[in-house]
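K.L.:
So that we are looking at the same thing, I have put the structure below in C-alpha cells.
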C-alpha cells in the first residue's frame, strides 16, 4: 500500500505545493481543508497519481479532527506523514494595543490549538501503527513562520500562535522519539501566497529596495515544498525537533 500523507490547509498556496510534491513522490495524499467538496475534487485533479482524498474539515473543530482520523483509518489504513500547514492571518491588522480577543481566539484556535490536538490524535495512531509494524519511521512536519521569533506588532496574535507551534514541535519531538517518530519545524519567510497578497507592495519594497533579505526575491510555495521533500527523503533520520528556515536568509543577523 502507498505511503499516506495528511496535509492540512492544502487547497492553495504552500499547502497545495506540498501536496503536489508528496503526490509526485508516490504518497497517497489526504488534504484536509475548509473549502467545499466540489472545490476539493477540483484540487485533487491537480495532484499526480491516484487514490488521493479530500476532506472538508476545520482543524479548530474537535469533531472535524476526529473525522480526519476516521477517514484516514477507513480509506487508507495507515499514516506515514502529517504536515500541519493550515493557518490564517488576522482578518484585520491591528496594533497590539488594539488587538481584540475575538481575533486572538480565532488565530490561536486555527493556528495552534487545532494543530496541537490534531497532532495528538494522529500521533497516537502513528504509534499504534509503528507498534503493529505496519509502518516505519513516520514523520510530522509543522509549518510555522519567521513570525515565530520576529516581532510584528500589527499582528501580534499571529506571532504568538506561530511561537506556540515552535514549542509544540519541541514537545512532540521529545515525546515521540522513543517511538521512532521524528518531528520537524519549517519556518517560511516572505512567501508569495494568497495570505501575503494584501501586503505585496510593502514586501516588494522591503525585498527589492531595502534589502531585508540576503536572497533578494520573494519565496515561492515550491521552496517550502522542497524542504518537506528533503525531510521525507530520509536524510535527517538522526535529527528531530530540527528547525529549517526557508526565508531567503532573513534569520541572519546582519550589520
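Bear in mind these aren't lab numbers, they're just calculated from the coordinates by the rules spelled out. Every value quoted in this text rests on a predicted model; they were computed, and no experiment measured them. Please note: Cβ atoms are built from the backbone with ideal geometry, for glycine as well, and neighbour counts cover all protein chains shown.
K.L.:
For 229, 91, what ranking results if the residue with the fewest other Cβ atoms within 10 Å of its Cβ goes first?
P.N.:
Values: 229 16, 91 11.
With the fewest neighbours first, 229, 91 line up as 91, 229.
K.L.:
Something else: Under a no-solvent Debye model with one identical scatterer per Cα of the stretch 1-110, what's log10 I(q)/I(0) at q = 0.11, 0.17, 0.21 Å⁻¹?
P.N.:
Scattering profile of the stretch 1-110, log10 relative to I(0): -0.37, -0.77, -1.06.
K.L.:
Same structure, new question: Principal axis lengths of the stretch 64-117 from Cα atoms, whole Å, largest first?
P.N.:
48, 17, 15 Å, listed from the longest principal axis down.
K.L.:
Then there is this: Which order results if 247, 33, 210, 58 are arranged by neighbouring Cβ count within 10 Å, fewest first? Write out the running numbers ahead of the final one.
P.N.:
Details: 247 22, 33 25, 210 10, 58 18.
By the 10 Å Cβ count, ascending: 210, 58, 247, 33.
K.L.:
Could I ask something else about it? When a footprinting reagent is the concern and you count Cβ atoms within 10 Å, what order do 202, 45, 3 take, fewest first? All intermediate terms of the calculation are to be shown ahead of the outcome.
P.N.:
On the way: 202 11, 45 7, 3 18.
Ranked by crowding around the Cβ, least crowded first: 45, 202, 3.
K.L.:
So what's the angle, to the nearest 10 degrees on a 0 to 90 scale, between helix 156-176 and the longest Cα principal axis of the chain?
P.N.:
It works out to around 30 degrees.
K.L.:
Calculated FRET efficiency, residue 102 and residue 174, Cβ-Cβ r, R0 30 Å, to nearest 0.05?
P.N.:
Values: r = 33 Å, r/R0 = 1.11.
It comes to 0.35.
K.L.:
So how much slack lies between residue 216 and residue 73, counting 0.36 nm per residue of separation and subtracting their Cα-Cα distance, in nm? Could you put the intermediate results ahead of the total?
P.N.:
Working: separation 143, 0.36 × 143 = 51.48 nm, distance 4.41 nm.
Fully extending the segment from residue 216 to residue 73 adds 47.1 nm.
K.L.:
Can I ask one more? Here are some values of mean projected area of the Cα convex hull in nm²: (i) 16.7; (ii) 15.8; (iii) 13.8. Which one was computed from this structure?
P.N.:
This structure yields the entry labelled (iii).
K.L.:
Oh, and also: What fraction of the Cα pairs in the stretch 107-255, stated in percent, has a spacing above 28 angstrom?
P.N.:
On the way: 2716 of 11026 pairs.
The calculated P(r) of the stretch 107-255 puts 25 percent of pairs beyond 28 Å.
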